[in-house]
Amino acid sequence: MGKKRKVKRVVLDTNVILSALLFKGKLSKIVELWENGLFIPLISKEIFKELQRTLEYPKFHLTKNEVFLIINDYILPYFEVVDVANPVKNVCRDEDDDKFFSCAISGDSNLIVSGDMDLCSLKCYKSVKIINPLEFMSMFE
């Protein structure tokens, strides 16, 4: 019998989620990966609030109904909500990015996918590795 591949628990930064959902480029493949159960995307309440707020930016030209549908069709059915008990502080140069480490550690994930240079420059924190979206997608080829 072949090896059973363990499904990874992964934290995607907000920009990766937005790019995967809103733009029909290479990163849109990430949506297929989570829809097909090839990884479990994790999200905390803090990341969810940022995602929702960002989807409402005028530059995306999304109606309130479109934002509602995106959240209800692509986020809620697939993302596991992580309860962050002990938030991580003072890890990132941009303290607003600490929420991704908080989610990863509280959600028992060892991987954050980000294109953010502040996050990527860290490479890892404790047992959490930070990789860019193209590196992440190559794991499924």
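At-a-glance table
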item: Partners for LYS49 among aspartates and glutamates (Cα-Cα distance below 18 Å; same-chain residues under 8 apart left out); result: ASP13, GLU66, ASP73, GLU80, ASP83, ASP94, GLU95, ASP96, ASP97, ASP98
item: Percent accessible area from carbon and sulfur atoms, the chain, protein chains only, probe 1.4 Å; result: 52 percent
item: Loop-located GluC sites (Glu not before Pro) in region 10-65, at most 16 other Cβ atoms within 10 Å (DSSP); result: GLU56
item: Distance histogram for region 99-141 (every C-alpha pair counted, 5 angstrom bins, percent rounded to whole numbers); result: 6, 25, 32, 23, 12, 2
item: Candidates LEU69, LEU38, LEU119: whichever shows maximal mean-square fluctuation once the chain is modelled as a Gaussian network with Cα springs under 10 Å; result: LEU69
item: Dipole axis of region 1-116 (+1 Lys, Arg; -1 Asp, Glu on Cβ), positive-most option in GLY107, PHE23, ASN36; result: ASN36
item: Two-decimal ratio, the chain, of alpha-carbon radius of gyration to 2.2 N^0.38 Å; result: 1.02
item: Percentage relative contact order, the chain, counting C-alpha pairs under 8 Å, at least six apart; result: 27 percent
item: HN-Hα J in Hz across region 73-83 - Karplus 6.51, -1.76, 1.60, θ = phi - 60°, x for Gly and Pro; result: 9, 10, 9, 4, x, 10, 7, 8, 7, 9, 8
item: Largest-first principal axis extents, alpha carbons of region 27-88, Å; result: 34, 28, 19
item: Accessible area per residue, Å², region 4-130 with all protein chains present, probe 1.4 Å; result: 59 Å²
item: Gaussian network model of the chain, Cα within-10 Å springs - most flexible of THR54, THR14, THR63; result: THR63
item: Over 19 Å between alpha carbons, listed pairs LYS89/LYS129; LYS8/LYS126; LYS24/LYS59; result: none
item: Of LYS129, LYS45, LYS64, the one that fluctuates the most in a GNM where the chain has Cα springs shorter than 10 Å; result: LYS64
item: Inverse mean reciprocal Cα-Cα distance (Kirkwood Rh) of region 55-102, Å; result: 13.2 Å
item: Assigned charges on the beta-carbon of Lys, Arg, Asp, Glu; region 38-135 dipole about Cα centre (debye); result: 80 debye
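The values are calculated or read from the model by the stated rules, or taken from the named source; none is laboratory data. Note that the structure is a prediction, hence the values are computed from the model and not measured. Cβ sites come from the backbone with ideal geometry, for glycine too, and all protein chains shown count toward neighbours. Areas reflect the complete protein model, heavy atoms only, side chains present, ligands, DNA and RNA absent. Shrake-Rupley method; radii C 1.70, N 1.55, O 1.52, S 1.80 Å.
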